[in-house]
Every structure is written in structure tokens, then in C-alpha cells.
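Colleague: Sharing a structure below in C-alpha cells format, with a few things to ask.
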Amino acid sequence: MDPTEFQAPAFGNATRRPGDPHGFWFFHPAPIPRELPLDAATILALSEADAALGHLEGLGHLITDPQLLVGPYVSREALASSRIEGTRASLAEVLQAGAGDGEESRTEDVAEVERYIAATYRGLDLIRTLPITQRLVLDVHHVLLSGLRGQDRLPGQLRRGPVWVGSPTDSPDTAVYVPPIPELLGDLLQDWERFVNEPGRMPVLVRCALMHYQFETIHPFLDGNGRIGRLLIGLLLHQEGRLTHPLLYLSGYLESRRREYYERLQAVRERGEIQQWVQFFLTAVRRQATDGVDRATALVRLRERYLAEAARARSRIGELIKLLFANPFVTVKRVEADLTLTNQGARNLIRDAEARGWLQVFDVVGRGGRTYWVARDVFDVIEAPPACRAAGRDG
């Protein structure tokens, strides 16, 4: 790490381990600022993001059963956040694996996304009774990394050695960024924890931006720092009452602009460009909140059409609708178990849905020839790229 690049003492400084003039350089973050005057561009971005988030939260209250949207939205967030870290999986693979009860469609990458989903739900469960503290973060991190290729990366534990980022020769000397050494993590995380939980006049979305920046800068774990840091954004919005249901998949925007995302974080450390980072973060909130509203509106309209059609039927086809919107991939076993049907009854219901155009065969896998059906109309809404309206003035 080149110490001359870090010229923003308000946010930290490049230093060496005390008493070791020949040791590697690392970044020692300053405490998070408790006040941040916003420039005109940041105020405008905050206003737009706040309005978009309010619209998304309002929609969550208006929808009769917003839980029907939670599964697909959490899956999109988990997939995008994992992809930022190099995981390769498709949304279809993740949802298909979630619809089955075997391992034939579950790759290691898919399993990694599923751990992120499990960690999200664990965080949402903990936040009901706990503030965002180190205890909560370690618990969620343990869920994220347990049982995977990250098992040897100390799940649920702070790192005990140095790490570095962006080194072509795997050396701190050539790294773009070297986070603080382990001896500093305790004090840094205490300051971070106080910032997250203490009352203040800083707008919640700005606090989210600073919380995420500082967490990524501290880099407390051997692995999973980015995924945990992004997961915490939704938890803070939930803790502050700004988002009752996890309908904001912020990582979709960050994944599409991965390079800029990393550069914006680094620019704060090096040059103190905090306004530009906050503006980037707020743009991500606005874009993804707007897209979340558009997608939810399309899903609700589709569900109402299905419900109207089912109301005229004599079968139990209406009971299948909830399953299709929670996860558009189904198997006979899933329908049989979730609707308490016989095997033949589940097959009859799937055939009925096929005849109506709700379902079509997606894949046949495994030795036994397990068939997966997909509700294509539902899946297309979930998977579709953001609508043009969501792009707004920044394209």
C-alpha cells in the first residue's frame, strides 16, 4: 500500500505498527464523523432517495400480503451481493434449488447464495430484540460462512491477522488497500457500534452510507466483509423503521457498478471524497427503491389476474398462487407438502396450472427424473432488468 495516496486525515491515515519501521503500511481509520454538512448535490440526492424509499415502504403497507414479495426480493439481494464477491450463480439456479429437497440442483455457488439468504433472515430475526451490535454481527457472520468454502475463514469470529485488498502479488506492499491490524479492531468496532445506535441529527440514509463505508474500511473478518456490510444496510433501515419488509435489493445497483463502488469507498480513504460516496450510495437507494416499486406493482397485478381466474375454478388452483409468488419454481413434492395434498392431487393441480398457462416445464434433473416447473410470467417479472423509469436522470 502506498502511504502517499492517503491524504485525508479526517478519515484516517496510513501508518505502520508502532515500533516497527520496517513493517508494512496499513490504514488506521478515524472515528466516524457525527456531523456531516451536506453540499447541494448531496441534499438533492438525499431528497430523491428518501422519497423513493418512502414510496417503497408505503407500498409494503398497502399490499395485502407483502410477505409474498419478500422471498424473491431477498433472493435477488443475496444473489447480487454474492456476485460482487465473485460468486457465479443465476437467479433461476437459486430459486430452483430452493424449490427442491435434494442436492441435484445445488452447486457450491448456489449454496453460498443460500447462506446469504439464511444470514439475512437470521439478522431480521435478531433485530427484533437486539440492536445492531458486534454480537449480532458475529452471529449473522457465523450463519453466512458456516458449512461452506468459508468454513476455514473463522465464521462468527473477528480476524486475528492482517488482510489486504487488491494486491497483484498477494503482498501488503503492492495492495491497493490494507485495513487496520487486528489490535485496533476492538476500539474501531466500539466506535462503529456507538455511531450506528446512538441518536443523532444525521439523516438515516446518510448514516447508512457512513456505516457501510466504515465497516468496509475496518474489514473485521477474514471473509464476508462486503456481504455482511451490505446486509447491515437493510437491518439498519429496519431498525430505524424506514423499511418494515426487506424489499430493497441495493446490491443490484452496486453489482452493476462494482468498479465505481470500490473506487468511491477508496476515494474517501485517500482523498476524503465523502460527499461523492454518499451521493453514489443515495443514487443506489433511489434507483433500487424505484425498481422495487415497479416490480412489486407488476407482481401484484399478475397475482390479481391469477386470483380472478382461480375464483371461477372448482379446483384448489387458487391455493397454488401463493406458492408461485413466493418462489416461481415448483415440484410435485413441494406442492404436495405445502398444500397438504396427495401425490396425485399435486400432479393434478400442476396439470391444471399448465393448462392455464401458469406453469411450464423448466428442467428434469437427477436419477429419478425430478421435474421442475416454472411460473414463467412470475419469474420474468422477478428477473427482468430495471425498467427505464427506474433509471432516472443518471441513466
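One line per residue, one yes/no per condition, for (1) modelled with pLDDT of 95 or more; (2) closer than 24 Å to Ala89 by Cα; (3) in contact with a Phe, Trp or Tyr (Cβ under 9 Å, 6 or more places away or on another chain); (4) not in a helix (DSSP H, G or I):
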| residue | (1), (2), (3), (4) |
| --- | --- |
| Thr244 | no, no, no, yes |
| Val268 | yes, no, yes, no |
| Trp277 | yes, no, yes, no |
| Leu282 | yes, no, no, no |
| Thr290 | yes, no, no, no |
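Colleague: Check Glu260, Glu255 and return the single one that is more than 30 Å from Glu183 (Cα to Cα), without any contact (Cβ under 8 Å) to a residue 40 or more places away in the chain and among the charged types (D, E, K, R).
Modeller: So the residue among Glu260, Glu255 that is more than 30 Å from Glu183 (Cα to Cα), without any contact (Cβ under 8 Å) to a residue 40 or more places away in the chain and among the charged types (D, E, K, R) is Glu260.
Colleague: Out of all the residues in the range 74-96, which are at pLDDT below 90 and open to solvent by less than 10 Å² (accessible area, probe 1.4 Å)?
Modeller: Thr87
Colleague: Also: Can you tell me which residues in the range 275-313 are in contact with a Pro (Cβ under 9 Å, 6 or more places away or on another chain), hydrophobic (A, V, I, L, M, F, W, C) and closer than 20 Å to Glu48 by Cα?
Modeller: Ala296
Colleague: If you don't mind, there's one more thing I want to ask. Name the single residue, out of those in the range 276-312 being under 27 Å from Gly12 (Cα atoms) and open to solvent by 30 Å² or more (accessible area, probe 1.4 Å), that is farthest from the chain's Cα centre (by Cα).
Modeller: Among them, the one singled out is Gln276.
Colleague: Considering each of Pro155, Pro162 in turn, give the residue that is more than 24 Å from Ser82 (Cβ to Cβ) and either open to solvent by less than 30 Å² (accessible area, probe 1.4 Å) or in contact (Cβ under 8 Å) with a residue 12 or more places away in the chain (or both).
Modeller: Residue meeting the stated conditions: Pro162.
Colleague: Look through Leu145, Leu237 and report the one residue that is of a type in the set (A, V, I, L, M, F, W, C), at pLDDT below 95 and either out of contact with any His (no Cβ under 8 Å at 6 or more places or on another chain) or surrounded by fewer than 16 Cβ atoms within 10 Å (Cβ to Cβ) (or both).
Modeller: Step by step, each of Leu145, Leu237 is checked, and only Leu145 is of a type in the set (A, V, I, L, M, F, W, C), at pLDDT below 95 and either out of contact with any His (no Cβ under 8 Å at 6 or more places or on another chain) or surrounded by fewer than 16 Cβ atoms within 10 Å (Cβ to Cβ) (or both).
Colleague: Still on this structure, I have one more. Could you tell me which numbered condition Asp363 fails, if it satisfies all but one of (1) modelled with pLDDT of 95 or more; (2) open to solvent by 20 Å² or more (accessible area, probe 1.4 Å); (3) over 26 Å from the mean Cα position of the chain (by Cα)?
Modeller: (1)
Colleague: Can I ask one more? Condition check: under 22 Å from Val268 (Cα atoms), open to solvent by 30 Å² or more (accessible area, probe 1.4 Å) and free of Cβ contacts under 8 Å to residues at least 24 places away in the same chain. Does Asp187 satisfy that?
Modeller: yes
Colleague: Report, by residue number, each residue of the range 246-265 that is crowded, with 20+ Cβ neighbours inside 10 Å, over 9 Å from the mean Cα position of the chain (by Cα) and under 21 Å from Arg295 (Cα atoms).
Modeller: Once the filter is applied, which keeps residues that are crowded, with 20+ Cβ neighbours inside 10 Å, over 9 Å from the mean Cα position of the chain (by Cα) and under 21 Å from Arg295 (Cα atoms), the range 246-265 yields Pro246, Leu247, Tyr253, Leu254.
The values are calculated or read from the model by the stated rules, or taken from the named source; none is laboratory data. Every value quoted in this text rests on a predicted model; they were computed, and no experiment measured them. Every residue, glycine as well, gets a Cβ built from its backbone with ideal geometry; the counts of neighbours run over all protein chains shown. Ligands, DNA and RNA are stripped out before the accessible areas are found, and what is left, the full protein with its side chains, is counted by its heavy atoms. Shrake-Rupley method; radii C 1.70, N 1.55, O 1.52, S 1.80 Å.
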